[in-house]
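For reference, the structure is listed below as C-alpha cells.
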Amino acid sequence: MAKEKKKGWKALTKGGVIEGGGTAKEFKTGDWRSERPILLSEKCINCLACWMYCPDSAVIMKDGKVAGFDYDYCKGCGICAHECPVKGKAIKMIPDNHG
Amino acid sequence: MAKTNIVARTGNEAMAEAMRQINPDVVAAYPITPATEIVQIFAGYVADGLVDTEFVPVESEHSAMSACIGASAAGGRIMTGTSSQGLALMAEMLYIASGLRLPIVMADVNRALSSPINIHCDHSDTMMVKDAGWIQIFSENAQEAYDNMIQAVRIAEEALLPVIVTTDGFIISHCMERIEIIDDKDVKNFVGEKKLGNYLLNVDKPITIGAMDLPDYYFEHKRQHIEAMIESKDIILSVAKEFSGLFGRSYGLFEVYRLEDADCAIVLMGSTVGTAKAVADNLREKGIKAGVLGLRVFRPFPKEEIAQALKNIKAIAVMDRSDSMNAQEGPVCLEVKASLFDDSASPNNVLNYIYGLGGREVRIEDIESVYKGLGEVIKGKSKNKITYLGVRE
Ligand code: SF4
Ligand code: SF4
C-alpha cells in the first residue's frame, strides 16, 4: 500500500477541525489488523453466520452469497472464522503485516 | 476622543459592566465558592433584559466551561467568569477550549487554592493553568480589568485563542474605584460582530470538531497552537493600539515605570504593581533609581521584550504571588530568568520574592525591603536568592 503524504502543521485546519460531512467513511479502520480472513468458497454453504457476526460489517455480499471481505474496515478479529459452522471452516485466518 | 462616563465601581462590577456592553451570545457559569459576583451581576442584566445573552446556569464549573466550549464551537461569542477552586475544576476543559481554538473570554479573580482553605488573593489558581494554552492578561486595577475585558474579545477572536482576564481577589474585585466607562455604542463598535470561520451551526458547511488525533497528527496541531500563541503578541499590541487611539488609555505587553535609567527594578503583576510604583516614586525622591516592570500579559510570555527592557538594570527582584512548589522559584521568576538567559549580556542579578500568599498583606514597607535588598546586591553584598516576604520563621 502506498504511504499517503501527511500534511505539515501549516497546512492543517485550525483546532483539528475536519471539514465536510460523512467523513467517518474515509477513515479506514482496518489498518491495524494483524490477521486477515480468507474465504474458501468451495467449502462455504452461505449460511451467512459470518455476515451476521462481523462487528464491522466487513463481510462482502454479492447476489445473496458471501463474496469476500472488505479489508479497508476488517479489523482481523477472527469472529467470522470462529462462528463459521462448516467442519474444517470456510474461513481461514492468515497473518497480515500490511503497512 | 470617544465620550466616557466616570463612575465608582468594584472590579467585579467593572468586569460585569464590560460583559454587558460586549453583550455575548452565551454566558455559562456556576458560582462555586469562592466565586465572585461577576456572573451574578451579569445574570441580573440578563433577567432585566439589558442583554441578549442566553445565560446557562450549569451544575459545576467543569460543566460551565463545557457549555462554553459547545456554544463557542456552535459559533457564538462566549464569556464566563470564575475564581480559585472553580478555575481548578475547569482545568480539564480549559485545555479542550484552547486546543479546539475557541475564542472564549473568561473573567478570573485570582484567589488562593485550598488547602489550607482560604478565599483571599494570590495567583496560585491562574498559575495552575498557565500551560493550558490560554492567553492570560493581568490587571492592576478595576479600570484595567474593564479595558482588558473589552480588548480580550478582539484578541481572542483574532488569535483564535481563549483569553483569561484576571483581577486580584478582594484587592481589585471587591474594592470600589473611580473608573471611566466607555459609551455602550463605542464598545459595540470596537468589539464588532464575531467573524465566523468554521462553526457547527453552519448547515451549509458541515464539520467535525474534537475528533481523535493520534500520534500522526496531534503534534502538528500542538505546533499550530504554539504558533498561535507566538503570533498573539502582535495581535494583543495592535488591539491595544486601536483601543488607545479611540479611548486614550495605553496598554502593552507590560508597563515600564521609571525603568529607563533605573539601577534596580521589581518585576511583578496584578494589583501590587500599583504599590511598587508608589514605592519607586518615594525612593526616587531620596535619589534611589528604582523602577517597576508591571507584567500585563503572562501568556504569551514577552521574552524578548522583557530582556530588552531589563538589559541595563543592575539588580532585579521578581515578585511572585504564588509558588510552583518546585523547591526552586516562583513561576514569574523562572520565566523572567529564562528570558534573560539567552543573552549573555543580560543582567543576572535576579532575586525572587514570594509574597502575599492567601491574601497576606503587602505593604509599602515590604516593597521597600525588596528595593533595599536590591541596593545591597548592587553594593556587592550577597543576598538570599529567594525570600518568602513576611513569612514568620
Ligand atoms: S475478521 Fe472480524 S472484522 Fe474481519 S471480517 Fe471477520 S469478523 Fe469481520
Ligand atoms: S459462516 Fe462460513 S459457511 Fe457461513 S457464510 Fe460465512 S464463510 Fe460461509
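The values are calculated or read from the model by the stated rules, or taken from the named source; none is laboratory data. None of the values given here were measured: they were computed from a predicted structure. For neighbour counting, all protein chains shown are included, and Cβ atoms are generated from backbone atoms with ideal geometry for every residue, glycine included. Calculation scope for accessible area: heavy atoms of the full protein, side chains included, ligands and nucleic acids excluded. Shrake-Rupley method; radii C 1.70, N 1.55, O 1.52, S 1.80 Å.
So which residues in region A:1-57 are within 13 Å of ligand 1 (Cβ to nearest atom), away from every other protein chain (no Cβ under 14 Å) and assigned to a loop (DSSP other than H, G, I, E, B)? Answer for region A:1-57, where residues must be within 13 Å of ligand 1 (Cβ to nearest atom), away from every other protein chain (no Cβ under 14 Å) and assigned to a loop (DSSP other than H, G, I, E, B): A:Gly30, A:Arg33, A:Ser34, A:Leu48, A:Cys54, A:Pro55, A:Asp56, A:Ser57. Scanning region B:189-216 for residues that are surrounded by 11 or more Cβ atoms within 10 Å (Cβ to Cβ), more than 7 Å from every other protein chain (Cβ to nearest Cβ) and touching a helix residue (DSSP H, G or I) at 6+ places or on another chain (Cβ under 7 Å) gives B:Phe190, B:Val191, B:Lys194, B:Tyr199, B:Leu200. Filtered by the rule that a residue be hydrophobic (A, V, I, L, M, F, W, C) and near ligand 1 (Cβ under 9 Å from one of its atoms), region A:61-86 gives A:Phe69, A:Cys74, A:Cys77, A:Ile79, A:Cys80, A:Ala81.
Please go through region A:48-71 and pick out each residue that is open to solvent by 70 Å² or more (accessible area, probe 1.4 Å) and of a type in the set (Asp, Glu). Matches in region A:48-71: A:Asp63 only.
Close Cβ contacts (under 8 Å, 6 or more residues apart or on different chains) running from residues in region A:45-63 that are on the phi < 0 side of the Ramachandran plot to residues that are among the small types (Gly, Ala, Ser) and near ligand 2 (Cβ under 7 Å from one of its atoms) comprise A:Ile45/A:Ala90.
Scanning region A:74-94 for residues that are in a strand (DSSP E or B) and either more than 6 Å from ligand 2 (Cβ to nearest atom) or of a type in the set (Phe, Trp, Tyr) (or both) yields a count of 3.
On the basis of being near ligand 2 (Cβ under 8 Å from one of its atoms) and either surrounded by fewer than 17 Cβ atoms within 10 Å (Cβ to Cβ) or over 17 Å from the mean Cα position of the chain (by Cα) (or both), does A:Ile45 make the cut? The answer is yes for A:Ile45. Provide a single number: the residues in region B:240-264 that are more than 19 Å from B:Gly291 (Cα to Cα) and touching a residue at least 40 places away in the same chain (Cβ under 8 Å). Here the count works out to 7. Here region B:43-81 is the region considered, the condition is being acidic (Asp, Glu) and surrounded by fewer than 16 Cβ atoms within 10 Å (Cβ to Cβ), and the residue that is modelled with the lowest pLDDT is B:Glu59. Any chance region B:158-165 includes a residue that's more than 13 Å from chain A (Cβ to nearest Cβ) and of a type in the set (D, E, K, R)? No - not one qualifying residue is present in region B:158-165.
Across region A:58-72, the number of residues qualifying as part of a loop (DSSP other than H, G, I, E, B) and either aliphatic (A, V, I, L, M) or away from ligand 2 (no atom under 11 Å from the Cβ) (or both) comes to 5. Checked against (1) surrounded by 24 or more Cβ atoms within 10 Å (Cβ to Cβ); (2) over 10 Å from the mean Cα position of the chain (by Cα); (3) under 15 Å from B:Gly270 (Cβ atoms), B:Val165 meets all criteria but (2).
The set of residues from region A:1-23 being of a type in the set (Gly, Ala, Ser) and either open to solvent by less than 80 Å² (accessible area, probe 1.4 Å) or modelled with pLDDT of 95 or more (or both) comprises A:Gly8, A:Ala11, A:Gly15, A:Gly16, A:Gly20, A:Gly21, A:Gly22. Does B:Gly252 count as surrounded by 15 or more Cβ atoms within 10 Å (Cβ to Cβ), in a loop (DSSP other than H, G, I, E, B) and within 11 Å of chain A (Cβ to nearest Cβ)? Spelling it out, it is not the case that B:Gly252 is surrounded by 15 or more Cβ atoms within 10 Å (Cβ to Cβ), in a loop (DSSP other than H, G, I, E, B) and within 11 Å of chain A (Cβ to nearest Cβ).
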